[in-house]
Every structure is written in structure tokens, then in C-alpha cells.
Amino acid sequence: MTAQQDAMYMARALQLAKNGRYTTDPNPRVGCVLVRDNEIIGEGWHVRAGQGHAEVEALKSVQDAKGATAYVTLEPCSHHGKTPPCCDALINVGISRVVAAMQDPNPLVSGRGLAKLEAAGIEVICGVLQEDAQVLNRGFIKRMTVGRPFVRSKLAMSLDGRTALASGESKWITSAESRADVQRLRAESSAILTGINTVLADDPALNARVDFDVVQPVRVILDSRLQMPLNAQMANLPGRTLILTCSQDQAKQQSLQHAGFEVHQLANDGNGQLDLHAVMAFLVKQQINEVLVEAGAILNGALLTACLIDELVVYMAPCILGDQGRGLFHLPGVTTMADKKILKLLDVRQVGGDVRLILEPQANPLQFKEFLNVIKTDELSLEDITVEVEAVRQIRHHGR
Ligand code: AOF
Ligand code: ZN
């Protein structure tokens, strides 16, 4: 098989993996293609946690897979989880070659699956279309390797960067098409995170209203002082609603639990607000891979300041709300240009009558000079410093 053929079959396996985009949580999305004599003889993908893994589903679709090559978007597992190891299934049917896109970041597997296949005499290649496979499971990978979920914040704004009028009224700034796009973002998320002020203002449902099969995201409300109304509509909707608080008020906690909420008390940040790093650590314990933030300027500002936002999805509508309207981020710490938050534009496209921007927050090199402990920083280019900052950031996150 040529490298080009390997890439072609892996592209098909990735396409299959995407069928699980809305349903595999907390598991990764994985696809598998079985090929013999340059012909696809079987296909499968992982649909739901607890059900068959991609390899097992692909093997089910053929009578005889002896001598075939298995293309898998993730290293076949070697552990007994909710299902038996895929490695054993592949070995038992006589697969002769396994091509994986990437290693499984799950410490229970991480290389052991590939090693086990090799030990059984199977030819193994890893790394074909690796980056595409990584993007598909960036939340799962981040949870497994960094101990944090992938956090995406969705923002809807006017041309002049306003998310609501001064009164708080915001229905609607963006088009119906953009709002439908947001439902899809919700559907592919493991959790939707918002603050109590948004709940008090909007009484939102925070569920994915889509016409395809979906594992509904968990609702997560940051409510430091337990202001959640007992009659908020979320209390009576299907699915979990977690209230995260640093309030020790046992009576309030209990009455919210009786109303249908799950209440979890976490550390505070020393100023009476929830510690956002503790929130992320808690979400990882809940096996949350991908978080969608739908919140106001205060929570978004705090998350951005804490370097906890991985991606921004901004819908910009062609309307103007004026300078009395509310902004996107409350950032009292930004007082000079050196403090500004720097973003990298990853994608721009039109959705309905709006423009959708996807952006990635960047480390601001100017704020890290001291922290970097680099002698003669002035001699380094901004690009060099950015690389250094990213390295330090990674070390800090791993250390957490
Ligand atoms: C594979 N193929 O299609 C998937 C894998 O509890 P279980 O048995 O469902 O195992 C979940 C773990 O298996 C998950 O954390 C990840 O490491 C791996 N996922 N592995 O060989 C698949 N979905
Ligand atoms: Zn498996």
C-alpha cells in the first residue's frame, strides 16, 4: 500500500468517525475502515459510550477479515473498559496490518495497544493524518493529557461589538441561521457553561435543539452565592443541571437539590468568587471533554484573564447597538496597549446574514517578559518570545 492510499483510507475512517460527533461523549470519536486487495471490505464507527468501539463495529460488518489492513483514527485500545480490548479482536480475526492516525492519549492505553499488536506479529504504522484526528478529539485529548477540558466561548455581537442593549435586552442580534449554528455547537459539546447572571436575566434552557441524535450536554451554572431561583426552567428540563458554588449555605444547597439541581461546592478564589481552575478540574472529574461557554462579559472576562478559553466563536451581525450597549469582555486589568488580549483569526465565513469568526487567544509576549526570566529579552523577536511563552504555559498546565 502506498502512503497516498494509506492517507485516502484514513480520510474515509475520519469521515466515519465524524458520524459520532454528537453522541460518543465522554469517549472519543473514532472511525475504522477494513481494506483488503485495495478494496474496502468493512467500515464502522463508535456511536455511543458503552457500545462497540469502531474496530468492533467494522469487524461486525464483514464475515472474514483475515489478512486485511485496519485503518483506525485512534490507536486500538488494549484495556478492558466498558467493552473488551479492540487489539484482541483485531488479532483474533487475523488482521495483518494496522494503520492508526494517532496514539490514544488515555493513560490506560497510550502506546500499549500498538505494542500489543506488534507483539502479535501485526505490521503497525501510526501518524497518518494525525492532525485531522487530533482536531476531531481535541477535548478528549486535552482532558487526558492536560487535565482540562477544551473550552470554547460563543459570542453574538453587533458590528460595534455589543452583545446587548444597556437594559440587557439581546433577543435577537444575530440571524436564525447563526442561532441554528449555535444549536449544533451545543450538540457537539459535553457541557454548556454559564454564570448565574445570565440565568437570572434570561432563564435559558441550555439544551441542544437539533433534529439529529445527540447526547445532550450537561448544564453547568457558576453560582458563587447560590442565587439560583428554585423555579428556573432548567430545574424541570430533562438532563443534568450542575450548580457550582463556593457558598457553604447548607439550607440553600439542599433546597436547590430538592428542586432538581446537582449542587457542588468548590474552592473560592479568595474574593468570594469560584476559583475557575477548580471549576475546570471539577469538569474533568465529570469526564467533560468540550465546554461551550455562553455567558456575559464578567464570566467571559474572567475566563479570558485566567487563560482558560481555547477558542472563541463570534457571530457578528450587521447591525449597530450604539456605545451604551454591553461589551463582550469585562477586563478591568487592561489599561495600556501592552495589556491587550491578542487573538489569532482561524476562520471567517458567512452564516445567514452574519459573519462567523473563529479565533484563538494568544499569549501576549509583552506581559510575559518578566515571567519568562529571559536575560536580554529585547534581543528576542516577538515570535521567539511567543514560542517561549507557549512552552512555559504548557509546563504550567501540565503541572496543575
Ligand atoms: C478504540 N476504539 O472506537 C474508541 C476507543 O469504556 P470503553 O470500553 O468504551 O473505553 C473507552 C476508552 O477506549 C476511551 O477512553 C479511549 O481510550 C478508548 N476509545 N478505543 O480502540 C474506539 N472509542
Ligand atoms: Zn477499543
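Arranged from highest to lowest average of other beta-carbon atoms within 10 Å per residue, in what order do the peptides 308-314, 180-186 appear?
308-314, 180-186
Amide H contacts under 5 Å for Val151: Val291, Asp310, Glu311, restricted to partners 5 or more places along the chain or on a different chain, H placed in the peptide plane at 1.01 Å from N. The string of couplings for the range 33-39 from the Karplus curve (6.51, -1.76, 1.60, θ = phi - 60°) is 10, 9, 10, 9, 6, 6, 9 Hz, one whole number per residue in order, with x for Gly and Pro. Bridgeable lysines around Lys341 (alpha carbons under 16 Å apart, same-chain partners fewer than 8 residues away excluded): Lys369.
Output the pairs from Lys142/Lys171; Lys18/Lys142; Lys116/Lys344 with a Cα-Cα distance over 29 Å in this structure; if there are none, say none. Before the final figure, lay out the partial values.
On the way: Lys142/Lys171 34 Å; Lys18/Lys142 18 Å; Lys116/Lys344 41 Å.
With Cα atoms farther than 29 Å apart: Lys142/Lys171; Lys116/Lys344.
Placing +1 at every Lys and Arg Cβ and -1 at every Asp and Glu Cβ, with all other atoms neutral, what dipole size does the range 124-270 have around its Cα centre, in debye to the nearest 20?
Details: 16 positive and 15 negative charges, 41 e Å.
Result for the range 124-270 is approximately 200 debye, rounded to the nearest 20.
The magnitude of the dipole of the chain, with charges of +1 and -1 set on the Cβ of Lys/Arg and Asp/Glu and taken from the Cα centre, is near 700 debye.
Taking every C-alpha pair closer than 8 Å and separated by at least 6 residues, the mean separation divided by the residue count of the chain gives a relative contact order of 14 percent.
Any chance you could give the angle, 0 to 90 degrees and rounded to 10, that helix 176-187 forms with the longest Cα principal axis of the chain? Relative to the chain, helix 176-187 is tipped by roughly 60 degrees.
Along the axis of the charge dipole computed for the range 1-53 (Cβ charges of +1 for Lys and Arg, -1 for Asp and Glu, origin at the Cα centre), the listed residues Val47, Thr23, Ala11 are led at the positive end by Thr23.
For the range 102-114, 3J(HN,Hα) computed residue by residue from phi via the Karplus equation (6.51, -1.76, 1.60; θ = phi - 60°) reads 7, 5, 6, x, 5, x, 6, 10, 4, x, 5, x, 5 Hz, glycine and proline entered as x. Applying a DSSP loop filter and a limit of 11 other Cβ atoms within 10 Å to the trypsin sites (Lys or Arg not before Pro) in the range 63-130 leaves Lys66, Lys82. The angle separating the long axis of helix 250-259 from the principal Cα axis of greatest extent in the chain is about 60 degrees. When +1 charges are put on Lys and Arg Cβ atoms and -1 charges on Asp and Glu Cβ atoms, the dipole computed for the range 1-74 relative to its Cα centre reaches about 220 debye.
So what's the net charge close to Asn106: Lys and Arg +1, Asp and Glu -1, counting the other residues with Cβ under 12 Å from its Cβ?
Working: positive: Arg112, Arg143; negative: Glu75, Asp104.
Every neighbour counted, the sum reads 0.
Bear in mind that the values in this text are calculations on the coordinates, not laboratory data. All values derive from a computational prediction rather than experimental measurement. Glycine gets a Cβ as well: all are built from the backbone with ideal geometry, and neighbour counts include every protein chain shown.
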